[in-house]
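Take a look at the structure set out below.
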Amino acid sequence: MKTWKLTAGSTARACPRAALATLWLAATLLKGAALAAGESADAPKTPPKFPPPLPEAVKRWQERRFGMFIHWGPVSLTAKEISWSRGAPTPIEVYDGLYQRFNPTNFNADEWVRVAQAGGMKYLVLTTKHHDGFCLWDTKLTDYNVMNSPLHRDVVGELAAACRRQGIAFGAYYSTCDWHHPDFPLTSPGGSVKRERFDLDAYNRYLLGQISELITNYGPLITLWNDVPQSFEGRGVNTIKLARRLQPDILINDRTGDGGDYDTPEQRIGDFNLTRPWESCMTISAHGQWAWGGPEDGVKPLAACLEMLIAAAGGDGNVLLNVGPRPDGTIDPEQAARLKEMGDWLAQYGQSIYGTRGGPFKPGKWGASTRQGNRIYLHVLTWEGDTFRLPAIPAKVTAARLLRGGSLSFSQTAAGLTLAVPAAERAAIDTVIALDLDMPAMELAPLAVTPGGPG
Ligand code: JFZ
């Protein structure tokens with residue numbers, strides 16, 4: 001059980017984010033200890049508190065594999081982190097007044113979607129409301145929204161429509177906690193300050209009302225992406241029930257206060273898991289910032305970006321890669337250019353990512369494997385010599401080839417598989433090899449590849 005409560009201790013005041021992270025980690029460790037102590041899969045199952053997702057909805061979402069996360073709002077005017085900079089370094093009154101200057105006249109939803117498409121991304125998730133409480137849509141439930149900024153345009157509505165026009169799925173990030181809302185128990189900085197007066201039931205009604213607006217006015221949504229359910233344990237079930245009632249095929253992430261349909265490892269790639277769906281959320285920013293970080297923020301190298309996607313697909317997970325658009329409404333050309341490079345790679349190798357499942361060879365330093373039909377795709381990232389060895393599989397490999405062409409030698413014995421690709425034939429980042437089998441690749445049990453890389 002994850003706990004999201006914050007104690008208003010001195011550490012929390014000095015560095016709320018770090019304190020929050022520590023609590024999160026402690027909860028995760030406790031959970032691990034409980035599992036080790038025998039609370040295993042065999043333990044009597046408590047009935048699920050909410051209806052499960054539709055399996056076909058999970059499957060369609062997994063097949064997309066790669067999505068664009070967008071963190072945006074008036075905070076982009078400061079180049080500081082969204083919500084976490086409210087209170088420190090930006091004084092609360094200053095932060096809360098930013099929307100009065102929020103006039104990103106170059107915002108063009110179709111252009112954002114084009115950037116996502118060029119990056120090979122198949123869905124898009126926008127921060128409709130982050131922890132700072134500002135709403136990017138025409139909500140009837142608060143005046144603290146984009147219609148009252150000089151922009152005076154429904155950003156969520158325009159983006160949802162552009163996604164529909166261009167055939168990409170749209171999802172809504174909606175922060176569970178709200179450090180601006182007077183009924184929410186915690187406020188800035190970082191949710192570390194407890195309000196004297198609050199009304200969590202009233203806030204929960206507000207949250208449900210807003211989620212209802214988002215699904216009804218801008219749906220169908222591929223996902224409802226809740227975040228940081230401080231004080232919300234036991235209430236998430238209401239969110240999930242409402243969302244499922246309004247849209248039976250919606251997916252809901254695990255940050256509602258009561259879990260959800262998929263896990264969301266943050267700023268790291270999830271572990272290999274074929275049973276529990278997951279999606280890693282990652283920043284393209286070199287400094288790990290979610291919102292616009294200014295012209296010096298920089299982007300991660302192409303190799304790092306592709307390796308995220310390859311390791312995630314190999315572990316059977318998705319990647320939601322974040323951009324932070326600028327205060328003028330455009331996506332930073334440096335971020336867009338990196339995405340275009342990823343899209344160019346996917347245009348060549350997409351068949352080894354989209355619509356595949358992870359395994360059977362578990363991901364590691366060596367690389368990763370994906371599979372579909374009677375085929376395994378090997379993504380070899382690290383070579384130690386020309387030869388590459390893999391453990392034996394109970395299937396006959398009928399053909400082996402380099403996906404982009406070129407020569408490859410291959411043999412299969414009872415001991416395993418041996419592949420050799422001369423250095424000149426290897427790709428700079430990822431050498432993709434297709435192995436055709438005499439049976440469905442999903443029937444193969446997962447296998448670890450020797451640490452340090454085979455060969
Ligand atoms: C959360 C947000 O706070 C962040 O701004 C961003 O939106 C990201 C996708 O999600 O990040 C978190 C959530 C929880 C912790 C740390 C960062 N935590 O509990 O330590």
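Below is a table of values for the structure above.
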| item | result |
| --- | --- |
| Test result for Ser175, on the phi < 0 side of the Ramachandran plot, within 14 Å of the ligand (Cβ to nearest atom) and not aliphatic (A, V, I, L, M) | yes |
| Test set (1) at pLDDT below 95; (2) within 20 Å of Ile310 (Cβ to Cβ) - Ile376 fails condition number | (1) |
| Region 146-169: number of residues that are without any contact (Cβ under 8 Å) to a residue 24 or more places away in the chain and at negative phi | 3 |
| Close pairs from region 278-300: first under 14 Å from Ser85 (Cβ atoms) and in contact (Cβ under 8 Å) with a residue 24 or more places away in the chain, partner among the charged types (D, E, K, R) and not in a strand (DSSP E or B), Cβ under 7 Å, at least 6 apart | Gln289/Glu81; Gln289/Asp297; Trp290/Glu81; Ala291/Glu81; Trp292/Arg326 |
| Ile331 vs. criteria within 20 Å of the chain's Cα centre (by Cα), β-branched (Val, Ile, Thr) and farther than 17 Å from Leu302 by Cα | yes |
| Odd one out for Gly209 among (1) in contact (Cβ under 8 Å) with a residue 24 or more places away in the chain; (2) buried (at least 16 other Cβ atoms within 10 Å of the Cβ) | (2) |
| Selection count, region 63-81, where residues are surrounded by fewer than 22 Cβ atoms within 10 Å (Cβ to Cβ) and assigned to a helix (DSSP H, G or I) | 3 |
| Set Ala243, Ala286: member being small (Gly, Ala, Ser), touching a Leu at 6+ places or on another chain (Cβ under 9 Å) and away from the ligand (no atom under 16 Å from the Cβ) | Ala243 |
| Cross-chain or 6+ apart pairs with Cβ under 7 Å, region 54-80 first and under 30 Å from Arg245 (Cβ atoms), then in a helix (DSSP H, G or I) and more than 16 Å from the ligand (Cβ to nearest atom) | Arg65/Ala313; Phe66/Leu309; Met68/Ala116 |
| Single condition Asn226 does not satisfy, out of (1) assigned to a loop (DSSP other than H, G, I, E, B); (2) closer than 22 Å to Glu81 by Cα; (3) of a type outside the set (Val, Ile, Thr) | (1) |
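The values are calculated or read from the model by the stated rules, or taken from the named source; none is laboratory data. Owing to the predicted nature of the structure, the values given are computational and were not obtained by experimental measurement. Note: ideal-geometry Cβ built from the backbone for every residue, glycine included; neighbour counts use all protein chains shown.
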